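Student: First, the structure itself, so that you have it in front of you.
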Amino acid sequence: MMPPVTRGKFHIVAAKFPGRVLVIDDEALVCWSLATGLRQAGFVADTASTSTEALLLARVRPHPAVIVIDSRLHDCPAAVLLCQLRAVAPECRFVLMTTDRHEAPPAPYDALIVRKPFDLPDVVRQIGAEVARAQTG
């Protein structure tokens, strides 16, 4: 069992970085850990494990400021899903997760690349910076 994440580790002021984040990964533990860390840092975080769930959640308003997506989903190629998500939420920023075992694909839409395994507080800070960029346009 993983220990709970404490708010003190993130050093993010929620009022400074409000925003909605959608985490898409077919690994439940990755979704849970990222969503927990993001929520404890003050973000609204939703999770999806399939492309169908992801598209439904991306349509919810307000649209996500940032969508975090695994580069290797089982039910849909990430490149296809990224195009569909861009059509649904055109102003969002993307964070593309990949592993050291797999070469990172070209970063579409100026996506930030994060390699798994990652340091949760560091990734939450990076996502916070992407949320701030999305909100400033």
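Student: With V68, V30, V131, V80 as the choices, which residue is assigned to a strand (DSSP E or B) and of a type outside the set (F, W, Y)?
Tutor: Just a single option satisfies the conditions, and that option is V68.
Student: Which one is farthest from R125 (Cα to Cα), of the residues in the stretch 11-39 that are out of contact with any strand residue (DSSP E or B) (no Cβ under 9 Å at 6 or more places or on another chain) and at pLDDT 95 or above?
Tutor: Among those residues, the one meeting the criterion is L29.
Student: Has the stretch 120-137 got at least one residue that is farther than 14 Å from A35 by Cα, modelled with pLDDT under 90 and not hydroxyl-bearing (S, T, Y)?
Tutor: Within the stretch 120-137 (the criterion being farther than 14 Å from A35 by Cα, modelled with pLDDT under 90 and not hydroxyl-bearing (S, T, Y)), the answer is yes, since at least one residue qualifies.
Student: Also, quick follow-up: Of everything in the stretch 33-60, what is open to solvent by 20 Å² or more (accessible area, probe 1.4 Å) and in a loop (DSSP other than H, G, I, E, B)? Give them in sequence order.
Tutor: G42, S49, T50, V60
Student: Could I ask something else about it? Could you tell me which of the residues A79, A65 is out of contact with any Leu (no Cβ under 8 Å at 6 or more places or on another chain), open to solvent by 20 Å² or more (accessible area, probe 1.4 Å) and more than 13 Å from D25 (Cα to Cα)?
Tutor: Every option except A79 fails the conditions.
Student: Moving on to the next point. The conditions are (1) surrounded by fewer than 19 Cβ atoms within 10 Å (Cβ to Cβ); (2) over 12 Å from the mean Cα position of the chain (by Cα), and L112 fails exactly one of them. Which is it?
Tutor: The one condition L112 does not meet is (2).
Student: Right, next: Six or more apart or on different chains, Cβ atoms under 8 Å: show the pairs whose first residue is in the stretch 37-62 and more than 14 Å from L81 (Cβ to Cβ) and touching a residue at least 60 places away in the same chain (Cβ under 8 Å) and whose second is open to solvent by 50 Å² or more (accessible area, probe 1.4 Å) and outside any loop (DSSP other than H, G, I, E, B).
Tutor: So the pair list comes out as A41/R7.
The values are calculated or read from the model by the stated rules, or taken from the named source; none is laboratory data. Computed from a predicted structure; not experimentally measured. Every residue, glycine among them, receives a Cβ derived from its backbone with ideal geometry; neighbour counts consider all protein chains shown. Side chains included, ligands, DNA and RNA excluded: accessible areas come from the protein's heavy atoms. Shrake-Rupley method; radii C 1.70, N 1.55, O 1.52, S 1.80 Å.
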